[in-house]
Amino acid sequence: MLGSQQQQRAPLSRKDTLRNLLASLSLDIDAPPSSPPLPQNPNVPLSSEQRPDRLPIPVDQAAITSTSPSDSDSSSLNSQFLSYLKKHAKKGYRNVKQYVKNSLKGSSFEHVEHFTKLDDVVEADMKDARKNPEILREAEISRKNRICDEEQRFQQQRKERMRVPFAKFIGVAVEEVDVRDIPIIGVGGSGGGMKAMIATAGFLQGMEEAGFFDLVMYISGVSGSCWTLGNLYTAAEGSPTALVNHFTRVCTQHPFDLEHLDRIISQDPTRIYLIFGGLMQKYFCGLPRGIVDLYGAVLVAHFFHHPHDRAFREEDFKFSSQIPTFFEGGRHPLPIYTAVRHARPWKDRKFDHEDTKMSIEEYENMTGKKLEQIQEELDKAEEDADMDEKIKLVENEEAWWQWFEFSPYQIGSEELDVWFPTWAFGRRFVGGVAVDKVPEIDFSTIFGLTASAMCLPFSKALSTVSTMQEGGKNSLTDGIKSLTGMLMAPNASEFVKSILSKHFIHSSFNWNPLYDPVKGQETQQPGLWNSKRIQWIDAGVDNNQPFYAFTREGRDVDIIFVLDSSTDVEKDVIPPDFEAFSKRVNVQITPTSPEPNTGRRRPSGACNPPLIPGSESVSTTPSEETLPTKTTPPSEIQAFFLDRYCQTFHATPLDPTGYGPHTEPNLRREMDLVYMPNLRNGSVTREFLFGPNDVGFSKLEWKEWESRGLAESARRNFLEQVERIRKLVGSVWERKRMERMETVGRL
């Protein structure tokens with residue numbers, strides 16, 4: 001009957017079909033996999049779909065329901081399709097895929113067949129040592145915070161490579177330059193969505209033109225700037241200029257437009273295996289897939305797509321694969337992505353008495369429960385914990401953010417003293433040793449979780465709203481800000497405070513490298529070591545600048561360039577991120593450049609100790625009416641932001657051998673900071689009638705002139721400050737040179 005109805009009805013549109021398929025692929029955070037029904041007759045052999053070792057992929061009922069048509073549309077094939085999915089969701093993905101294949105045969109969406117093969121292709125690839133040579137290697141956790149041997153070798157090779165361009169940049173003979181004296185320079189891009197992504201690319205383009213990019217050792221980012229890094233070493237092939245051109249082209253499309261995704265896949269339907277293979281691999285590894293995983297996969301498809309139909313490259317989908325192409329021999333700056341874990345002691349698990357010597361099958365037989373069911377029960381127990389205790393801890397600010405970093409060599413946290421090879425990302429660790437050998441997890445996982453601002457706790461989302469620019473009288477913006485102020489007031493009810501501490505959207509689930517049930521049994525205390533899984537989210541929730549990526553032992557960074565595309569850069573002379581950094585690593589930050597004459601100056605004591613010793617005043621904050629606009633003459637714009645395009649500071653550690661309240665190490669050595677906010681540039685405003693703050697951080701679709709104008713503002717802002725930068729870099733080189741010569745003289 002269904003077949004005859006199909007012949008009389010129009011086929012599904014490409015967009016609706018893709019939406020339905022995506023709904024059936026993922027989003028199963030709360031639903032454990034369910035096995036397909038076995039034949040009633042025990043003499044009937046099992047089909048490949050019914051073998052116990054081939055678990056189906058569950059379908060998220062919520063995702064299906066959200067795309068369901070109205071009752072009035074029940075006669076459409078789309079309705080039949082969705083009804084079938086709802087009815088048979090528990091039978092798993094394998095039962096559904098044959099129906100999809102048969103019912104859509106002859107439709108305009110021919111590449112649906114590749115979706116139906118996705119699980120088979122990924123399962124076979126996971127066992128292929130030619131494609132994934134890392135599955136032949138053993139992996140274990142390192143508890144050493146010092147950078148690994150591979151990164152030390154990269155650092156030395158990079159210094160040798162930059163000797164000639166460094167001499168040229170500071171204007172000395174090559175013979176005068178000893179590589180030991182070359183300052184180690186780190187460049188950090190702020191968070192701020194696609195706005196920060198494009199602006200950071202513009203700054204890097206300016207560095208490339210000035211000959212400065214060749215002197216950079218590390219590039220790190222928060223949130224949107226992580227997308228800059230992700231595209232720099234994939235689509236742009238290491239060229240900042242190519243990166244800006246790439247963004248100008250691809251950002252004209254909304255990344256989550258299904259018709260756009262369909263066009264990308266239609267150019268080569270086998271791209272399905274690369275785009276969505278990571279979701280399937282997480283399924284086979286026993287990890288839930290969620291919104292952030294799908295978000296990362298679609299973003300990768302959007303950004304790795306080239307308008308001129310350049311083929312997708314498999315190496316782009318594996319982070320560690322970038323090493324031979326870009327970092328061997330020190331060819332390019334090393335990228336460092338950042339994310340944080342929300343440390344909430346009241347959420348930590350207690351030891352669950354699992355016998356680690358048993359196999360999973362033996363343990364499940366002993367308990368009579370599946371591991372997924374046990375995990376769900378533990379999750380529910382945590383949610384039902386005593387709310388009064390939660391509120392007390394929230395009020396006492398006993399929750400904090402633990403920083404993690406992701407480089408092509410290692411992933412880990414300096415605070416937790418835990419590091420593992422990037423090629424082992426995706427493996428399950430128990431007691432510091434990987435207990436399986438699976439391929440490195442898809443790069444889209446990092447792409448998604450490092451910019452997962454949607455996973456912030458509600459309180460942080462409201463804080464972001466509170467920084468929105470003022471609207472007009474009785475405007476919606478002012479109303480939202482007023483409501484935000486009421487919710488976040490110190491005297492708010494306990495119920496409100498408990499709501500504000502929640503994460504309403506879960507981030508990506510990954511295996512916890514610190515999982516150690518033996519330690520849990522010995523201590524019988526709640527702790528991260530009792531949890532099999534871990535979640536990381538956008539680091540901008542704690543600090544919108546990636547300072548901590550540059551302070552790791554052995555990196556020995558001398559100068560950090562802070563590229564800021566935050567919301568309030570036109571108002572703040574010194575962003576609050578400096579304050580948070582100074583307190584966390586116990587450092588004194590003092591200005592070494594002239595004090596700007598406009599902008600909001602943070603009060604004395606904002607940094608601990610004071611950022612500006614002896615200053616007890618706060619300069620006038622410019623109002624919306626006094627800030628330059630796109631109609632302001634260029635000369636007035638430049639005069640207004642005089643001395644703010646490039647501000648320099650010196651950081652002095654106060655307790656170099658000490659540790660912070662959560663065991664994070666203090667800053668070990670002195671360094672210089674160069675703060676470069678992406679302020680309105682006079683010449684760019686005149687040419688493009690556009691300024692960086694004319695758009696918000698949430699914008700996802702850009703006109704070519706908007707993205708070009710944003711990048712151009714950053715590019716020119718850097719190029720106009722090159723002489724000041726040259727002088728600073730030269731002075732740091734001279735200082736290091738003199739210190740080395742004095743040391744040699746004493747010996």
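The values are calculated or read from the model by the stated rules, or taken from the named source; none is laboratory data. Remember, it's a predicted structure, so these values are computed and weren't measured experimentally. All Cβ positions, even for glycine, are placed from backbone atoms using ideal geometry, and neighbour counts span all protein chains on display. Areas reflect the complete protein model, heavy atoms only, side chains present, ligands, DNA and RNA absent. Shrake-Rupley method; radii C 1.70, N 1.55, O 1.52, S 1.80 Å.
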If 422, 592 are ordered by their accessible area, calculated over protein heavy atoms with a 1.4 Å probe, which sequence runs from highest to lowest? 592, 422
Heavy atoms of the protein only, probe of 1.4 Å, neighbouring chains included. What is the accessible area of residue 320 in Å², nearest 10? 20 Å²
Percentage relative contact order, region 401-462, counting C-alpha pairs under 8 Å, at least six apart: 18 percent
Grab the Cα-Cα distance for residue 120 and residue 168, subtract it from 0.36 nm times how many residues apart they are, and report the gain in nm with one decimal. 11.8 nm
How much length would be gained if the chain were fully extended between residue 257 and residue 592, taking 0.36 nm per residue of separation minus their Cα-Cα distance, in nm to one decimal? 115.9 nm
Determine the order of 727, 437 by accessible area, beginning with the largest, at a probe radius of 1.4 Å. 727, 437
Accessible-area order (highest first, 1.4 angstrom probe) of the listed residues 170, 291: 291, 170
Label points 7 Å out from Cα along the Cβ direction at residue 643 and residue 136: separation in nm? 6.3 nm
Just the accessible area for residue 218, please: 1.4 Å probe, Å², rounded to the nearest 10? 0 Å²
Accessible area (Å², 1.4 Å probe, nearest 10) - residue 435: 90 Å²
Any idea how far apart residue 127 and residue 143 come out in nm if each label point goes 7 Å out from Cα toward Cβ? 3.7 nm
If each part is reduced to its alpha-carbon centroid, region 535-561 and region 676-741 end up apart, in Å, by 20 Å
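Taking the mean number of other Cβ atoms within 10 Å as a proxy for protection, how do you rank 174-180, 551-557 from highest to lowest? All intermediate terms of the calculation are to be shown ahead of the outcome.
Details: 174-180: 12.1, 551-557: 19.3.
The packing order, highest mean first, is 551-557, 174-180.
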By average Cβ neighbour count within 10 Å, what is the ranking of 713-723, 254-264, 401-411 from highest down? 401-411, 713-723, 254-264
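Between residue 663 and residue 738, what is the FRET efficiency for a Förster distance of 35 Å, r being their Cβ-Cβ separation, to the nearest 0.05?
0.50
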